[in-house]
Every structure is written in C-alpha cells, then in structure tokens.
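What follows is a short report on a single structure.
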Amino acid sequence: MDQYAVKGGTPLVGEVEIGGAKNAALAILAASIMTDETVLIENVPDVRDTNVLMQAMSSVGAVITRIDRHTVKINGSQIHNLVIEDEYMKKIRASYYLIGALLGKYKHAEVPLPGGCNIGVRAIDQHIKGFKALGANVRIVHGAIVAEAKHLTGNHIFMDKVSVGATINVMMAASMAEGKTIIENAAKEPHVVDLANFLNSMGANIKGAGTDVIRIKGVTKLHKTEYMIIPDQIEAGTFMMAAAATKGDVTVKNVIPKHLESITAKLIEIGCEVEESDDAVRVVAAKRLHNTQVKTLPYPGFPTDMQPQMVAVLGLAQGTSIVSESIFENRFKYVDELTKMGAEIKVESTMAIIDGVSKYLGAGMTVPDLRAGAALVIAALAADGFSTLDEIQYIERGYEDLEYKLQALGAQIERVSDETQLKKFQLKVG
Ligand code: EPZ
C-alpha cells in the first residue's frame, strides 16, 4: 500500500492553484442526470469520491464522457435502472444524492443505507423527512432506502438540524415537484449555492440558496447546460494552514476569498498575515503563532472540514488553545497520531485542549479519515525529521495531486510504494 514519506522543516513558499470543490461536484454530478439532455461540467476535481460517484451513475445507465481531466459530459437519457448498488455506497456516502436526483426525475430511487462513517454518527432522518414531506413513500427494505411517489408535491419543510446533505437532496427532488417548496433552516454552504445555481441553469426555479430559507417552484423538465464548479474552499484552507504551520509564504490562487473568511479570520487572530485579492489569498507566517479558541459551525462559521488542520497548526502555537467540534462527535481520532509527533492535546468529549509545543518530531502515522489525513500531512511538513503516513487512500478521496502541489511549494514529500522507495527518499532528502 502506498505511503507518504515526508521530511519536514521546510517553510512552504510559492503559489498553488486550487481545483473544483469536491462537495459541490458530488451534488452537481448527481443532479446532472435530472435532464435527458447532455450537460457539460467543468472544474470537476479528479479525486476518488467524484470518480466513484460517476461510476455509480454509469452503473444505472448515465453516459459519461471525460473531455479532459476536469471536464465531463453527462447524459442521463439512457437511465434504465433506479437501484444503486451497495459497493458504491460503501465507497462513498454521497451516492445518496442519487436519491434526490432519481426521485425528482423518475419518482423512484433505491439506494443502500449509508454505513457508519469514521467521523461519527451521520443520520439521514432529515433527508427522509424532506422526501416524505414532498409526498414520497420512503421505506427501508433489506438495508436500502426505497423512495417512490406517484407525483411529488411541494411543501413547507422545516429542517430540525442544519444539514448540507439533506438540504441538497431535498432541493433536487423539490426542483421537479409540483408547486412550491420552502426549505427552512437550510444549510448555507457555498456548495448548496453552487448546486442551486447549477439547477437554475438547467431551468429550475430556486431562490434564496445561501440564506436559511430556500424557495423552490417545481418545473416539469430540466434542460442542458454548461457549468463550471466553484473552487474548493477546504482544499484552499488546507494550503493556508500548511503555510501557517511551516512558517511559510503561500499564495493560494483561484479561490473565492469570501468563502474563506472564517479561516482567514482565525489565521489573522493567531498572528498570520493574510492578504486578499480578487481570486487569491496570500498567507505569511513570519513568527511563532499564538493560541486561540475555535468552534466548528455550519457556514459561515468555521468549517468542521478544517478542524483537524486548524488543530495541527495550533499544536505548534504558543499558549493553550481550545477547539470545539459541534458538527460531528467523533472527529478527533487523529489526535493520537499528532501525539506521536510530540503534540500535547487532550480530548474531552467534543473539545480538544491544546498546549502548544515549540516543535513536532517526525513519526510513523496512520490516516484515519480525509481531513484528518490533511492535518497529519501539515504536521509532518512542519515537523523536524522524517514521517510516514499510511492509509493515504483517504486523502485521495478529496485532494487532487496533493503531493505534487506541495512539492511545487518546496515541500519534501513523496508517495512511496515499498521499503526501497522509502530508503531512496530518505537518502535523497538526507
Ligand atoms: C457534508 O456532509 C460534507 N459532505 C462533509 O464533508 C462535511 O463535513 C459536512 O457536510 C458538514 O459541513 C459532502 O458534502 C459530500 P450534514 P453531510 O448533513 O451532508 C446531522 C469532507 O471531509 N444530521 O451537514 O453528511 C449529522 O449527523 C466531508 O469533505 C442529522 O442529524 O453533513 C451531523 O451531525 C466529510 N440528520 C450534522 O447533521 C440528517 O438527516 C451535519 O451533517 C442529516 C444530518
């Protein structure tokens, strides 16, 4: 199995281009089958999650043509099967977006129940509540969610919990329901807005995405479109944190700075300089950073998907920091790995109490999930000495070419597949 080998201690310096947003792409790819006409989507990140979702879509009959690495054409007119196989759902939870898409278009979908995920319980009650409110009959049969309706009818839906996935799923189905739907307490994340813009470009009538009340007038048909996915807020934030942890100077290009405000604010608070321009942010960390408090919240709050990377940075900051996780209850599993590098972090329930140390020391680590993997890479880049990271397939779920982008910033990181390659890397970097 491949590993990352890292020799830390080099400040990252230079420029990095951010790709399309993984979580927007997952919603938009799923929604693209809601028309029988051909849809062109640009800026699709070439990561494992988007590739698996496209396989799941092909498996039910969608015709997907890759024009280049980041551009796909999708035609959903040949869909002949409304049952998604378990193997896709096991690989990627976001296959459940096909429920909203298929239910909206064909009024029927069967998708296996998403399994447990390693960041904590991830309920789907709000998705089901939304589908039922639109008039679907939703049953769990042999471990699958079966959603069907004679026709869907718009309704007034109050989400009991702010959920990105439920907002997206219900928005898709409601786009092709009869009449008006109002989603209250909707998620406001940039990818919710991107999906609404995409659906509107296909002829849907969605207003208010980006606020907590989304109003949808159902249409009977959606049509072709050409659409470019927004930049990935979390990939951008990850490079910003890598600059901070390594005392570097990195310009993160092709971003929407507004989407990064909560991350930028925390970096400034702990002593970084952050310069914003129209579509870039530059992060400079010239001196040792200092402590702060962070609580993850739905957008525009500090994203849970940036929590591990922030903890990796605060582990090196002067003073005691407190990071509270309010979205997922089990998102601190990587802390044990950081401890192997010398970090002093205590986890009490959903809170990490971090006593900043002056340096990390390289170690052998195992990646527990996607964003935790990014955090461990950041810590290894900042550490003195060598580190190795196992189970990097989790990182590949959401980061395209991470090691190449880091190398271009001066990082000493390589993917190695065996002991010989690891030795070679160690000899090369000394
Ligand atoms: C999305 O997951 C993202 N995934 C996650 O990205 C991200 O961490 C999360 O939103 C929060 O921002 C995609 O976009 C594909 P939620 P999602 O529904 O939709 C509870 C990454 O690293 N809840 O907003 O599954 C739930 O348990 C990842 O890229 C219910 O109670 O998250 C959680 O506590 C991993 N009932 C909270 O809401 C429901 O029906 C937020 O979950 C749905 C959710």
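The values are calculated or read from the model by the stated rules, or taken from the named source; none is laboratory data. Since we're looking at a predicted model, the values are computed, not measured. Backbone-built Cβ (ideal geometry, glycine too); neighbour counts: all protein chains shown.
Look at M341 and say whether it is within 16 Å of the ligand (Cβ to nearest atom) and surrounded by 15 or more Cβ atoms within 10 Å (Cβ to Cβ). The answer is no for M341. Considering (1) under 22 Å from L370 (Cα atoms); (2) under 18 Å from the mean Cα position of the chain (by Cα), say which one A245 fails and leave the rest. Just one mismatch for A245, condition (2). For region 115-126, the criterion of a residue being within 14 Å of the ligand (Cβ to nearest atom), charged (D, E, K, R) and not assigned by TED's automatic domain parsing to the domain that holds N330 is satisfied by at least one position.
For region 19-48, residues that are under 11 Å from the mean Cα position of the chain (by Cα) and either more than 16 Å from the ligand (Cβ to nearest atom) or basic (K, R) (or both) total 1.
Filter region 67-108 down to residues that are in a loop (DSSP other than H, G, I, E, B) and of a type in the set (G, A, S) and give me whichever is farthest from the ligand (Cβ to nearest atom). Can you show your working first?
Here is the first cut: in region 67-108, the residues in a loop (DSSP other than H, G, I, E, B) are 69-70, 76-82, 84-85, 92, 107.
Filter once more, so that each one left must be of a type in the set (G, A, S): 76-77.
Working: G76: 20, S77: 26 Å.
Result: S77.
Okay, residues lined up against (1) surrounded by fewer than 19 Cβ atoms within 10 Å (Cβ to Cβ); (2) touching a Gly at 6+ places or on another chain (Cβ under 6 Å); (3) within 30 Å of V284 (Cβ to Cβ):
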| site | (1), (2), (3) |
| --- | --- |
| V6 | no, no, yes |
| A30 | no, no, no |
| T38 | yes, no, no |
| I41 | no, no, no |
| E85 | yes, no, no |
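Total residues in region 142-186 satisfying the condition of being touching a His at 6+ places or on another chain (Cβ under 9 Å) and in contact (Cβ under 8 Å) with a residue 40 or more places away in the chain: the figure is 14.
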